[in-house]
Amino acid sequence: TNEQVHLEPSQLREKHISSFQEEGKEKEKDTKSERLVDNFSNIYASDLLPARNGEELTDQFLLEVVEILLNYIKKTYDGNSKVLDFHHPHQLLEGLEGFSLELRDQPEPLEQILVDCRDALKYGVKTGHPRYFNQLSSGLDIVGLAGEWLSATANTNMFTYEIAPVFVVMEEILLKKMHEMVGWGEMETDGIFSPGGTISNLYSVLVARYKRFPEIKTKGMAALPHIALFVSEHSHYSVKKAAAVLGIGTDNVIAVKCDE
């Protein structure tokens, strides 16, 4: 402790990381020596939790999965690796080098599941690769990835507070912060998170129509006059999709010309 007092923050951090790495190597040695199963060719999902005495097999299987994921993450950030090991659709459908998308009638052993995990990553696009650029899926945020793993493990839906108390409160806090950034007051706003732009535009048209014609909720489109939707000529094609889904009709979407 006395030694740490005299260290600069950067030196202290380097020392901490070095110590952490050494601990990690020791743990890795211990983990490998403690493994009871060399392969999973005769082990199935039914042998994992909640099966009786399934704890050790579950540990080992998930550790294998995590190792596959970590190796993929390292390869993703390697600029010398391929962004994509490209194959045509018919090649993937027909199967190649042990990779098969065939749906069998009987359960696959966990060994095959692990092979499939590797292949699914091998033949996919490395969106976190330094030479990959895309408007939607570009980069791999490690903390965000940890959040994905956590939410997948929680295996819940945000229907109500009763089923997802922590996530529902988190949603409220995030929405409040976003409203503050826009400049809206607490009593002026509400919101939800949605999985993408298309459904967000659908929601926005739905809300706009309800704001103008609240009777739509109980009486339906038959009670409304002939309505139209005006959008910029540069608007996303999902607006027309929203008009089709909501019964407005794509012919009633009017594209407005734009100047500079």
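The values are calculated or read from the model by the stated rules, or taken from the named source; none is laboratory data. Please read these numbers as outputs of a predicted model, since none were measured by experiment. Ideal geometry is used to build each Cβ from the backbone, glycine not excepted, and the neighbour counts take in all protein chains shown. Calculation scope for accessible area: heavy atoms of the full protein, side chains included, ligands and nucleic acids excluded. Shrake-Rupley method; radii C 1.70, N 1.55, O 1.52, S 1.80 Å.
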Kirkwood Rh over alpha-carbon pairs of region 69-132 plugged into Stokes-Einstein at 10 °C, 1.306 mPa s gives a D in µm²/s of 122 µm²/s
Taking every pair of distinct Cα atoms and averaging 1/r, then inverting, what Kirkwood hydrodynamic radius in Å comes out for region 201-241?
11.3 Å
Does region 131-204 classify as rounded, prolate or oblate by the C-alpha gyration tensor (a ≥ b ≥ c root eigenvalues; a/c under 1.5 gives rounded; else a/b over b/c gives prolate, otherwise oblate)?
oblate
How far, in nm, would the chain grow between Glu67 and Leu49 when pulled straight, counting 0.36 nm per residue and subtracting the alpha carbon separation?
4.5 nm
In whole percent, and with a 1.4 Å probe on the protein chains, what portion of the accessible area of region 160-260 is carbon and sulfur?
61 percent
Just how much of Asp59 is accessible, in Å², when a 1.4 Å probe is used and the result is rounded to the nearest 10?
100 Å²
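Determine the dipole magnitude for region 67-154: charges of +1 sit on the beta-carbon of Lys and Arg, -1 on that of Asp and Glu, nothing else is charged, the reference point is the Cα centre, and the result goes in debye to the nearest 20. Please list the in-between numbers first.
Numbers: 8 positive and 13 negative charges, 101 e Å.
Its charge dipole is roughly 480 debye.
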In nm, what is the difference between 0.36 nm times the number of residues separating His88 and Ser200 and their Cα-Cα distance?
37.1 nm
Please work out how many pairs of lysine residues in region 72-227 are eight or more positions apart (or on different chains) and have Cα atoms closer than 19 angstrom.
8
Relative to the chain, whose Cα atoms define the longest principal axis, helix 165-182 and its Cα axis are tilted in degrees, nearest 10, by 60 degrees
Counting other Cβ atoms within 10 Å, which GluC sites (Glu not before Pro) in region 94-132 have at most 10 and lie in a DSSP loop?
Glu97, Glu102
Can you give me the % of accessible surface on region 104-153 that is carbon or sulfur? Probe 1.4 Å, all protein chains present, nothing else counted.
58 percent
What angle, in degrees between 0 and 90 and rounded to the nearest 10, separates the Cα long axis of helix 197-212 from the longest principal axis of the Cα atoms of the chain?
30 degrees
Quick one, can you get me the convex hull of the C-alpha atoms of the chain expressed as volume per residue in Å³?
321 Å³
Roll a 1.4 Å probe over the protein chains and send me the accessible area per residue for the chain in Å².
78 Å²
Rounded to the nearest 20 Debye, what is the dipole magnitude of the chain about its Cα centre when Lys and Arg each give +1 and Asp and Glu each give -1 at the C-beta?
1180 debye
Helix-only mean residue ellipticity at 222 nm, the chain, DSSP H runs n ≥ 4 weighted -39,500 (n - 2.57), per residue, nearest 500. What is it?
-16000 deg cm²/dmol
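What is the Cα radius of gyration of region 131-260 over 2.2 N^0.38 Å, N being its residue count?
1.34
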In degrees, nearest ten, helix 110-122 long axis to first principal axis of the chain (Cα):
60 degrees
